[in-house]
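A.B. asks: Let me begin by handing over the structure; questions about it come next.
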Amino acid sequence: MSKETFPHLEALRDLMRSKHIDAVIIPGTDPHQSEYPSEHWKFRDYVSGFTGSNGTAVVTLDDAGLWTDSRY
């Protein structure tokens, strides 16, 4: 992810601060590990803007990262 701040990312950080949470791991899958999750489960896409099929986002209060495979 770039250093550009997405509004949804800041909203997540605000919620994290209010709940005293230091980090959140956001997988790109649903609870059933479906290959193609429905829109309802695409929280990683919503927060990060990354729409690839494979990847995990990690958000802290100060930084954010995205891990994916070599296709991206």
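Read-outs throughout are calculated quantities, based only on the coordinates presented, and are distinct from any laboratory measurement. The structure presented is a predicted model; accordingly, all values stated were derived computationally and were not measured. As a convention, Cβ positions derive from the backbone with ideal geometry for all residues, glycine included, and neighbour counts pool all protein chains shown.
A.B. asks: Name the long-range amide H neighbours of residue 26: under 5 Å, sequence gap of 5 or more, or other chain; modelled H, no Pro or chain starts.
C.D. replies: Those qualifying (amide H under 5 Å, at least 5 residues apart or on another chain) are 57, 58, 59.
A.B. asks: Can I ask one more? Give me 46, 72 sorted ascending by neighbouring Cβ count inside 10 Å, so fewest comes first.
C.D. replies: Working: 46 16, 72 10.
With the fewest neighbours first, 46, 72 line up as 72, 46.
A.B. asks: At 0.36 nm per residue, and after removing the present C-alpha to C-alpha distance, how many nm does the segment from residue 20 to residue 63 gain when stretched out fully? Working shown, then result.
C.D. replies: Values: separation 43, 0.36 × 43 = 15.48 nm, distance 1.58 nm.
Gain on extension, residue 20 to residue 63, equals 13.9 nm.
A.B. asks: Quote the charge dipole size of the stretch 7-67 about the Cα centre in Debye, to the nearest 20; the model charges only the Cβ of Lys and Arg (+1) and of Asp and Glu (-1). Could you put the intermediate results ahead of the total?
C.D. replies: Working: 5 positive and 9 negative charges, 21 e Å.
With only Lys, Arg, Asp and Glu charged at Cβ, the dipole is about 100 debye.
A.B. asks: When the gyration tensor of the chain is built from Cα positions, what are the square roots of 5 times its three eigenvalues, in whole Å, from largest to smallest? Let's see the in-between values first.
C.D. replies: Details: eigenvalues 86, 40, 22 Å².
Semi-axes (√(5λ), whole Å): 21, 14, 10.
A.B. asks: Give a quick list of GluC sites (Glu not before Pro) in the chain that DSSP marks as loop, anything other than H, G, I, E or B, with at most 12 other Cβ atoms within 10 Å. The partial results should precede the final answer.
C.D. replies: Numbers: sites: 4, 10, 35, 39; in loops: 4, 35.
Listed in order of number, the matching sites are 4, 35.
A.B. asks: Can you compute the helix-only [θ] at 222 nm over the chain? Use -39500 (n - 2.57) per DSSP H run of at least 4 residues, normalise by all residues, nearest 500 deg cm²/dmol. Don't jump to the answer; show the numbers that get you there.
C.D. replies: Details: 2 runs with 19 residues, N = 72.
Result for the chain, helices only: -7500 deg cm²/dmol.
A.B. asks: What are the ³J(HN,Hα) couplings of the stretch 34-49, residue after residue, when phi is run through the Karplus curve with 6.51, -1.76, 1.60 and θ = phi - 60°? Round to Hz, x for glycine and proline.
C.D. replies: 5, 5, 10, x, 5, 4, 4, 9, 8, 5, 4, 4, 5, 7, 9, x
A.B. asks: For 61, 66, what's the fewest-to-most ordering of other Cβ within 10 Å of each Cβ?
C.D. replies: Details: 61 14, 66 18.
Ordered from fewest to most neighbouring Cβ atoms within 10 Å, 61, 66 come out as 61, 66.
A.B. asks: Multiply the residue separation of residue 40 and residue 53 by 0.36 nm, subtract the distance between their alpha-carbon atoms, and state the gained length in nm to one decimal.
C.D. replies: Extending this stretch completely gives an extra 3.2 nm.
A.B. asks: In whole Hz, with x marking every Gly and Pro, tabulate ³J(HN,Hα) for the stretch 55-72 from phi via Karplus 6.51 cos²θ - 1.76 cosθ + 1.60, θ = phi - 60°.
C.D. replies: x, 10, 9, 10, 10, 10, 5, 10, 8, 8, x, 9, 10, 8, 8, 6, 5, 10
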